[in-house]
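S.K.: One structure is given below, represented as structure tokens, and several questions about it will come after.
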Amino acid sequence: MATPLVAGNWKMNTTPREAPALAASMRDGLAAISGVTKVICPPFVSLGAVAIALDRTDVEIGAQDGHAEESGAYTGEVSMSMLSSLCQFVIVGHSERRSLFSETDADVAAKTLSAIAHGLRPIVCVGEALDVRDAGNALEYVSDQLKASLEGVTDPAGLVVGYEPVWAIGTGRSARPDVAGEMAESLRETLASLFGDEPASDIPILYGGSVTSENIGPFIDRPHIDGALVGGASLKPDEFVGIVELTASIRA
Ligand code: PEP
């Protein structure tokens, strides 16, 4: 069974001065919770400072993206090999990267492979837009998206999957827990078809999309949802700590 995991995606928020202060304000609350892998994903420029602020705790650090190439003429980009000395996780294929920066499934697969090659745990994000959901094709669409985003991956050790319906991200309109649970079950089957039943059962599947400490409980209650990828609420220390606490108590 997968170890529960809660990751906070700070997106393009917090200055290099604010980020370690925000991390420090969550430090004791997060450090006191066991049984859940806790990950904070600040902006690139604050990865080092946040790691220092959380030093000597079991809170892990993640980047929000990374480039698939090792090095070279990619102005403005940061490679997985550079990230590997700063953090343990990296989000790939977030819907904002897919929609605002035109990332394809093939791009996401290349990033996932590069992350794994450099010892980073990729949090591979998938999710359908509202028109796909309304057309009744969400399960098949997201399963295909996951397969394409994992093209070439042979060993899923360390892999994390984030199911984030696009219409639920940052909208205050979270998915119904049974809807997210149905998708998580389908993704588990997809992972089992790729890697086998046992390896698939160890892969944490996260729900993401307007998660708060008020609504997280019924998601974690679903058998195939192992945690959450949290955007807005991860910038509020009490909220984020509350989400991790509830996850730990439900999965204990
Ligand atoms: C996200 O950015 O991954 C996310 C789920 O955002 P929010 O929690 O704000 O909907």
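The values are calculated or read from the model by the stated rules, or taken from the named source; none is laboratory data. Here the structure is a predicted model, which means the values were calculated and not measured. No Cβ is skipped: glycine too gets one built from the backbone with ideal geometry, and neighbour counts run over all protein chains shown. To get the accessible areas, we keep the full protein, side chains included, count just its heavy atoms, and leave off ligands, DNA and RNA. Shrake-Rupley method; radii C 1.70, N 1.55, O 1.52, S 1.80 Å.
S.K.: Lysine pairs in the chain 8 or more apart or on different chains: how many have alpha carbons under 19 angstrom apart? Walk me through the numbers before you get to the answer.
M.R.: Details: K11/K38; K11/K111; K11/K236; K38/K236; K111/K147.
Qualifying lysine pairs in the chain: 5.
S.K.: Still on this structure, please answer the following. Residue by residue through region 186-193, which ³J(HN,Hα) values in whole Hz follow from phi under the Karplus form 6.51 cos²θ - 1.76 cosθ + 1.60 (θ = phi - 60°), with glycine and proline marked x?
M.R.: Whole-Hz 3J(HN,Hα) from phi for region 186-193: 5, 5, 4, 5, 4, 5, 5, 5.
S.K.: Which distance in nm do the two modelled labels at T154 and Y74 give, with both placed 7 Å along the Cα-to-Cβ direction?
M.R.: 2.3 nm
S.K.: Mind giving me the FRET efficiency for E185 and Y141? R0 is 25 Å, r the Cβ-Cβ distance, nearest 0.05 is fine. Provide the component values of the computation, followed by the final result.
M.R.: Values: r = 16 Å, r/R0 = 0.62.
The computed FRET efficiency comes out at 0.95.
S.K.: For region 103-193, what does the accessible surface come to per residue with a 1.4 Å probe? Please give it in Å². Before the final figure, lay out each step's value.
M.R.: Working: 3720 Å² over 91 residues.
Ligands and nucleic acids excluded, the result is 41 Å² per residue.
S.K.: Let me ask you something else. Given H placed on each backbone N at 1.01 Å, which residues far from A228 in sequence or on other chains put an amide H within less than 5 Å of it?
M.R.: Those qualifying (amide H under 5 Å, at least 5 residues apart or on another chain) are L5, V6, A7, Y207.
S.K.: Could you give the distance between the Cα centres of region 24-63 and region 197-232, to the whole Å?
M.R.: Cα centres, region 24-63 to region 197-232: 19 Å.
S.K.: Using the Cα centre of the chain as origin and beta-carbon charges of +1 (Lys, Arg) and -1 (Asp, Glu), tell me which of L139, A109, S95 is placed farthest towards the positive end of the dipole.
M.R.: In the chain, that residue is S95.
S.K.: Using just the helices of the chain, give the 222 nm mean residue ellipticity in deg cm²/dmol: DSSP H runs with n ≥ 4 each add -39,500 (n - 2.57), and the total is spread over all residues, rounded to 500. Intermediate values should be presented prior to the final figure.
M.R.: Working: 11 runs with 105 residues, N = 252.
It comes out at -12000 deg cm²/dmol, rounded to the nearest 500.
S.K.: Please get the size of the charge dipole for the chain, origin at its Cα centre, with Cβ charges of +1 on Lys and Arg and -1 on Asp and Glu, quoted in debye to the nearest 20.
M.R.: Numbers: 17 positive and 34 negative charges, 137 e Å.
Its charge dipole is roughly 660 debye.
S.K.: What list of ³J(HN,Hα) couplings, whole Hz, do you get for region 62-74 from phi and the Karplus terms 6.51, -1.76, 1.60, once you set θ to phi - 60° and write x for glycine and proline?
M.R.: In residue order, the calculated couplings are x, 8, 9, 5, x, 8, 6, 6, 5, 5, x, 7, 10 Hz.
S.K.: Still on this model: Longest segment of the chain with no trypsin sites (Lys or Arg not before Pro) in a DSSP loop having at most 15 other Cβ atoms within 10 Å? Kindly include the intermediate steps, with their values, before the conclusion.
M.R.: Details: sites that count: R17, R56, R173.
Segment 57-172 is the longest.
S.K.: Let me ask something additional. Test of understanding: extend the Cα→C-beta vector of M12 to 7 Å, then name every residue of region 65-102 with backbone N under 18 Å from that spot.
M.R.: 65-67, 75-78, 91-102
S.K.: Ignoring ligands, DNA and RNA, please state the percent of accessible area on the chain from carbon and sulfur, probe 1.4 Å.
M.R.: Taking all protein chains in place, the chain shows 52 percent carbon and sulfur surface.
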